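> Starting off with a structure, shown below.
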Amino acid sequence: MNDYDDTRPGRARVGDSPELAAYYEELAKHEAGALWTVANEIEPWYPQPRSVPVLWRYADLAPLVRKALPLVRADDAGRRVVMLVNPGRRELSAAVGLLYTGLQIMGPGEAMTAHRHQAAALRFVHEGTGAWTIVDGQKLKVGPRDFAITPNNTWHEHGNEASDEPVIWQDGLDIPLVNALDAGFYEVHPELYQQPGTVVNSSLLSYAGTLLPYGVETWSRPYSPLLGWPWEPSYEALRRLARAGEGSPYDGVIMEYANPVTGGSVMPTMSAHLQLLRPGQATLAHRHTGSVVYTAAKGRGVSVIAGQRFEWQQGDVFVVPSWAWHEHANSDPGEDACLFSFNDFPVMRSLGMYREEAHPDNAGHQPVLS
Ligand code: GTQ
């Protein structure tokens, strides 16, 4: 039986008649409607995302992002960002599902003003060595392929202290989620800029080891006290895990950037992963609720998403909509490939909506349609 058969008993299947049409008009005049006219649409058999799979090539986007540097002053724009917009989610400024992403450029010596908002933010650095951010008074320096978080409602500002090259980093925010919940707030810092503390990278000094600070403070906020994850130790962690075992059939060797105090996601609404595909490795297809934004961090490969084939290399960004079949392959026979990604799984899990399944046919692979 076809899963999509809405003529089955138990589904809404009311025909048309002039009497019904008149009745619907009467209801509409009272700001009311008949459930059975929309029931199958608003309660689909399984998720029907408006988002489509998309890949944005860094080689195409980076020149466009650089173009914005002389065109708009940072002070006027607030944040100088080129957003990646899913054709199915334009009205929400979403890259996929309820996740936003964009490429932000900061020129040499630039500093953005401080603000805070209900939306949570994360960063993945594409290029430039001079980037810094101040999160609630803590200054953090980040370099290429480093990951950092700006939890919701923390004061934050950032800039580029290099004298000769711009920084391009990728922002990931849950703005569309916050707006879907009608819960958005935004404040500009009363002094426009924060006073950075005297110790740089203090969250890394305290929390980036395998031991945790003891007895001095108890961390009770709902996000990770560690705010940054440099590339080298993150990549090294993956390589070590690769030595310890096979990894996941769907994701290769995959790790989560974790809150060191709880072991859980770095923030309550978004989680981030780093995964390694061995030379030539091809994973099996699976699907799950929750949307994912991927950034190729190293190497090159191919991902098949909802039957569409996407070739990627370092810097490219692509998205997997909720419940879309997807599988990844490293197309280099000699080098490993790494994907950074962020997602809304913590939302799915905390609301009891996380589901996952393996592709049942074709020895675990989906048919490639295009
Ligand atoms: O840095 O706080 O790309 O508020 C979009 C909205 C970045 C930020 C974005 C934001 C930010």
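> Within the range 166-223, report the GluC sites (Glu not before Pro) that DSSP leaves as loop and that have at most 12 other Cβ atoms within 10 Å. Please report the intermediate quantities before stating the final value.
Numbers: sites: GLU187, GLU191, GLU217; in loops: GLU191, GLU217.
When the GluC sites (Glu not before Pro) of the range 166-223 are filtered for loop state and at most 12 Cβ neighbours within 10 Å, GLU191, GLU217 remain.
> Quick check: Cα centre of the range 14-39 to Cα centre of the range 91-133, how many Å?
Centre-to-centre distance over Cα atoms comes out at 46 Å.
> Starting with the fewest neighbours, write out ILE149, ILE175 ranked by other beta-carbon atoms found within 10 Å of each beta-carbon.
On the way: ILE149 29, ILE175 24.
Exposure proxy ranking, most exposed first: ILE175, ILE149.
> Also, quick follow-up: May I ask you to derive the relative contact order of the range 26-147, considering only C-alpha pairs under 8 Å and at least 6 residues apart, and to give it as an integer percent?
Working: 123 pairs, mean separation 20.7, N = 122.
Over the range 26-147, the number comes to 17 percent.
> Relative to the present Cα-Cα distance, how much length would full extension add between THR7 and ARG66 at 0.36 nm per residue of separation? Walk me through the numbers before you get to the answer.
Values: separation 59, 0.36 × 59 = 21.24 nm, distance 5.34 nm.
Gain on extension, THR7 to ARG66, equals 15.9 nm.
> Over the chain, with a Gaussian network built from C-alpha contacts below 10 Å, which listed residue (ALA21, ALA59, ALA208) shows the highest mean-square fluctuation?
Of ALA21, ALA59, ALA208, the Gaussian network model singles out ALA21 as fluctuating most.
> Rounded to the nearest 0.05, what FRET efficiency do SER163 and HIS30 give with R0 = 41 Å and r taken as the Cβ-Cβ distance? Could you check? Intermediate values should be presented prior to the final figure.
Details: r = 66 Å, r/R0 = 1.62.
For SER163 and HIS30, the calculated efficiency is 0.05.
> Taking only Cα atoms and a 10 Å spring cutoff, compute GNM fluctuations for the chain and point out the largest among VAL81, VAL199, VAL347.
VAL199
> For PHE310, PHE124, PHE340, what's the fewest-to-most ordering of other Cβ within 10 Å of each Cβ? It would help to have the intermediate numbers written out before the result.
Working: PHE310 20, PHE124 26, PHE340 23.
Fewest to most other Cβ atoms nearby, the residues stand as PHE310, PHE340, PHE124.
> Could I ask something else about it? Tell me, in nm to one decimal, what length is gained between VAL368 and ARG221 on full extension, where the rule is 0.36 nm per residue of separation less the Cα-Cα distance? Before the final figure, lay out the partial values.
Details: separation 147, 0.36 × 147 = 52.92 nm, distance 4.47 nm.
Roughly 48.4 nm would be gained on extension.
> Which ³J(HN,Hα) values, rounded to whole Hz and listed in residue order, are derived for the range 165-178 from phi using the Karplus coefficients 6.51, -1.76 and 1.60 in 6.51 cos²θ - 1.76 cosθ + 1.60 with θ = phi - 60°, glycine and proline given as x?
Taking θ as phi minus 60°, the curve returns 9, x, 10, 10, 10, 9, 8, x, 9, 9, 3, x, 5, 4 Hz for the range 165-178.
> Rank the residues LEU181, LEU238 as a footprinting-exposure proxy: fewest other Cβ atoms within 10 Å of their Cβ go first. It would help to have the intermediate numbers written out before the result.
Numbers: LEU181 11, LEU238 21.
Final ranking by Cβ density, sparse to dense: LEU181, LEU238.
> With only alpha-carbon atoms counted, please give the Rg and Dmax of the chain, in Å.
Considering the chain through its Cα atoms, Rg and Dmax are 22.7, 75 Å.
> Return the sequence-ordered ³J(HN,Hα) values of the range 291-307 in whole Hz as given by the Karplus equation 6.51 cos²θ - 1.76 cosθ + 1.60 applied to θ = phi - 60°, using x for Gly and Pro.
Per residue, the Karplus-derived 3J(HN,Hα) values read 9, 9, 10, 9, 10, 5, 9, 7, x, 8, x, 9, 10, 9, 10, 6, x Hz.
> Please state the shape class of the range 51-169: rounded when a/c is under 1.5, otherwise prolate if a/b exceeds b/c and oblate if not, all from the C-alpha gyration tensor.
Details: a/c = 1.69, a/b = 1.24, b/c = 1.37.
Note, shape of the range 51-169 comes out oblate.
Readers should treat all values here as calculations from the given coordinates under stated rules, not as data from a laboratory. Please read these numbers as outputs of a predicted model, since none were measured by experiment. Because the Cβ atoms are built from the backbone with ideal geometry, glycine has one as well, and the counts that use them run over all protein chains shown.
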